[in-house]
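Trainee: There's a structure below that I have some questions on.
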Amino acid sequence: MATSERAADASSHRDDASFAVAPGVLRIRANNPSQMTLSGTNSYLIDGRILIDPGPDLEPHVDALARWPIETVLVSHRHRDHTGAIDALVARTGARVFAALDEYCRDAAPLRGGERIETESGVVAVLATPGHTTDSLSFTLVRDGADRGLVFTADTILGGITTMLDFPDGTLGDYLATLDRLVATGENLPLQICPGHGPTLPDLASEAQRLRGHRMRRLEQVATLRDACGDDAGRIARRLYADAPEQVLSVAESMVRANLAHLQTVDR
């Protein structure tokens with residue numbers, strides 16, 4: 001899920017419902033647009049056989065996926081807009097489903113960071129990227145001998161806006177550590193970002209670095225407002241997001257609570 005903390009100038013990036021992001025890799029977007037899902041949830045097919053995120057349980061979306069000979073499903077994290085179609089898709093394809101949490105696995109063991117999966121298009125590596133949720137995973141795809149690859153970041157990095165932290169399950173400390181890990185990953189090999197919502201972005205290292213800077217500036221703002229508002233997350237959220245619609249303020253308040261909790265750990 002996403003919050004609209006920053007609108008993106010994404011006009012130069014493809015955001016069609018379905019298109020090839022790279023040879024052998026197809027993005028299929030579910031028709032579930034909202035303030036929290038942007039233009040919809042992105043599912044990614046690798047070689048027509050490996051699927052990253054089945055998406056929501058919407059019949060047209062399941063139909064679009066089930067026409068492919070999917071054998072393996074990789075789940076990025078537990079949120080329903082990414083997991084809702086698991087059982088409908090398994091019923092149609094018989095695919096095995098891998099996730100960090102056992103409850104979302106089907107005929108498979110839970111995934112762990114560092115695991116690698118061989119595909120016709122290259123090697124898919126599993127990255128543990130907690131912060132948005134504790135079970136969040138990202139996946140890289142790099143072809144043999146290639147000087148550039150793809151990283152499927154789900155909600156850890158979105159297509160041009162900042163993600164929410166599902167606090168208290170997701171924490172700012174975990175997220176900052178994840179961004180540092182992603183900066184290092186992208187510096188070792190240039191990676192194009194294929195997010196769970198929104199358009200693709202060109203470079204992992206620079207985007208993860210930008211997001212880390214944004215989070216630290218927001219943390220400083222919350223620390224300053226805490227002096228005036230105490231630990232009242234609602235008051236701080238209304239000061240920080242004065243122009244936000246009412247339905248966004250509850251998410252903003254949760255984000256402020258995540259910042260306050262992190263400040264408490266720093267203050268110790």
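The values are calculated or read from the model by the stated rules, or taken from the named source; none is laboratory data. All values derive from a computational prediction rather than experimental measurement. Using ideal geometry, Cβ is built from the backbone for each residue, glycine included, and neighbour counts are taken over all protein chains shown. These area figures cover heavy atoms from the full protein model, side chains too; ligands, DNA and RNA do not enter into them. Shrake-Rupley method; radii C 1.70, N 1.55, O 1.52, S 1.80 Å.
Trainee: Hey, could you check segment 1-34 for residues that are modelled with pLDDT of 65 or more and basic (Lys, Arg) and say which is least open to solvent (accessible area, probe 1.4 Å)?
Mentor: This residue is 27.
Trainee: Another question about this same structure. Exactly one condition in (1) in contact with a helix residue (DSSP H, G or I) (Cβ under 8 Å, 6 or more places away or on another chain); (2) at pLDDT 95 or above is not met by residue 234; state its number.
Mentor: Every listed condition holds for residue 234 apart from (2).
Trainee: If you don't mind, there's one more thing I want to ask. Do we have any residue at all in segment 198-218 that's crowded, with 23+ Cβ neighbours inside 10 Å, assigned to a loop (DSSP other than H, G, I, E, B) and either among the small types (Gly, Ala, Ser) or touching a strand residue (DSSP E or B) at 6+ places or on another chain (Cβ under 8 Å) (or both)?
Mentor: Taking every residue of segment 198-218 in turn, at least one turns out to be crowded, with 23+ Cβ neighbours inside 10 Å, assigned to a loop (DSSP other than H, G, I, E, B) and either among the small types (Gly, Ala, Ser) or touching a strand residue (DSSP E or B) at 6+ places or on another chain (Cβ under 8 Å) (or both).
Trainee: Would you pick out the residues in segment 63-101 that are assigned to a loop (DSSP other than H, G, I, E, B), open to solvent by 10 Å² or more (accessible area, probe 1.4 Å) and over 13 Å from residue 41 (Cα atoms)?
Mentor: 67, 68, 69, 71, 78, 94, 100, 101
Trainee: Run down 115, 120 and say which single residue is among the acidic types (Asp, Glu), under 23 Å from residue 156 (Cα atoms) and open to solvent by 10 Å² or more (accessible area, probe 1.4 Å).
Mentor: 115
Trainee: So is residue 75 at pLDDT 95 or above and aliphatic (A, V, I, L, M) or not? First the steps, then the outcome.
Mentor: Working: at pLDDT 95 or above: yes; aliphatic (A, V, I, L, M): yes.
So residue 75 fits the description; yes.
Trainee: Which of (1) in contact (Cβ under 8 Å) with a residue 24 or more places away in the chain; (2) part of a loop (DSSP other than H, G, I, E, B) is the odd one out, the single condition residue 243 does not satisfy?
Mentor: Failing condition for residue 243: (1).
Trainee: Still on this structure, please answer the following. Could you identify the single residue in 176, 137, 141, 150 that is within 13 Å of the chain's Cα centre (by Cα) and touching a residue at least 12 places away in the same chain (Cβ under 8 Å)?
Mentor: Going through 176, 137, 141, 150 in turn, the sole match is 137.
Trainee: Search segment 219-251 for residues being surrounded by 14 or more Cβ atoms within 10 Å (Cβ to Cβ) and among the β-branched types (Val, Ile, Thr), and hand back the single one that is farthest from residue 129 (Cα to Cα).
Mentor: 236
Trainee: Moving on. Exactly one of (1) open to solvent by less than 50 Å² (accessible area, probe 1.4 Å); (2) in contact (Cβ under 8 Å) with a residue 40 or more places away in the chain is unmet by residue 49. Its number?
Mentor: It fails just one condition, (1).
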